[in-house]
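> Please read through the structure below; I'll follow up with questions.
The values are calculated or read from the model by the stated rules, or taken from the named source; none is laboratory data. Everything quoted here is computed from the prediction, not taken from an experiment. Here Cβ is always computed from backbone atoms with ideal geometry, including for glycine, and neighbour counts include all displayed protein chains.
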Amino acid sequence: MNKYKYVFIDLDDTIWDFHANARVVLEEMYEEQNLGRYFSSFDEYFAIYAQRNLELWEMYGKGEITKEYLNVERFKHPMLKVGVDDHELAVKTGTKFLDILPTKTTLIPHAIELLDYLHGKYPLTIVSNGFVEVQYKKMRHSNVEHYFSHVVLSEAAKALKPDKRIFEYALKLNNATASETIMIGDSYEADIRGAQNAGIDQIFLELNAKDTTAYPPTHKIKSLVEIFDIL
């Protein structure tokens, strides 16, 4: 018999496809700002951005940088790589990016089927390091907010995944215990190690190969449809 009574879920790249939505927005801005002057192609620009963005989110998760620094640096970095130092453009790009990004609605494959299935069985809680002003807009535009009993964001919890305090905050909101809760997420460092820190079982949506041998997740999947056989 399934022991779980509560399900915690990450938002970005677990339910809402950050990578795909960011790519669409950045391609629009790349053309608008005529960045082809500096890069051989949009793919080159996006590859540099995506790698740096991933590094910055890991730093943000460890509390090493502010969200303001993250949102400027991820746009300043690609330009510096091609010898262009334009802080004002990076700030402008970051502001516009956060305005447009939450209006995009591409979800991870099978997200809606999964939410329909889980919603009838468990109270669902978003646990995310994302920015408050952005995450709610994403959920509303994508029409997924109604699936969740609670939305726990790092700014409200005053702790960032993988800090166990954000998970403990979510447990308290649900009046739940760690042993009856499971976390679904795509980030091994933030979601899986974070849940492990809080004594919560995990389902790791492994979108990219990751060495998890030191601290293996409770479950490892390649597609959200596999969760139907777990929960």
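> From the set of residues in region 1-12 that are assigned to a loop (DSSP other than H, G, I, E, B) and at pLDDT 95 or above, which is nearest to residue 190 (Cα to Cα)?
Of the residues in region 1-12, the ones assigned to a loop (DSSP other than H, G, I, E, B) are 1-5, 10-11.
Cutting the leftovers down to at pLDDT 95 or above gives us 4-5, 10-11.
Details: 4: 21, 5: 22, 10: 9, 11: 12 Å.
In this case the residue turns out to be 10.
> How many of the residues making up region 169-225 are farther than 16 Å from residue 122 by Cβ and among the aliphatic types (A, V, I, L, M)?
9
> Further, regarding this structure: Could you look through region 14-25, keep only residues that are touching a Leu at 6+ places or on another chain (Cβ under 8 Å) and at pLDDT 95 or above, and pick out the one that is farthest from residue 129 (Cα to Cα)?
Only one residue fits best here, namely 25.
> Same structure again: Mind listing whichever residues of region 118-153 are assigned to a loop (DSSP other than H, G, I, E, B), aromatic (Phe, Trp, Tyr) and at pLDDT 95 or above?
Scanning region 118-153 gives 122, 148.
> Another question about this same structure. Across region 176-220, what is the total count of residues that are assigned to a strand (DSSP E or B), crowded, with 17+ Cβ neighbours inside 10 Å and not polar (S, T, N, Q)?
Counting residues in region 176-220 that are assigned to a strand (DSSP E or B), crowded, with 17+ Cβ neighbours inside 10 Å and not polar (S, T, N, Q) gives 9.
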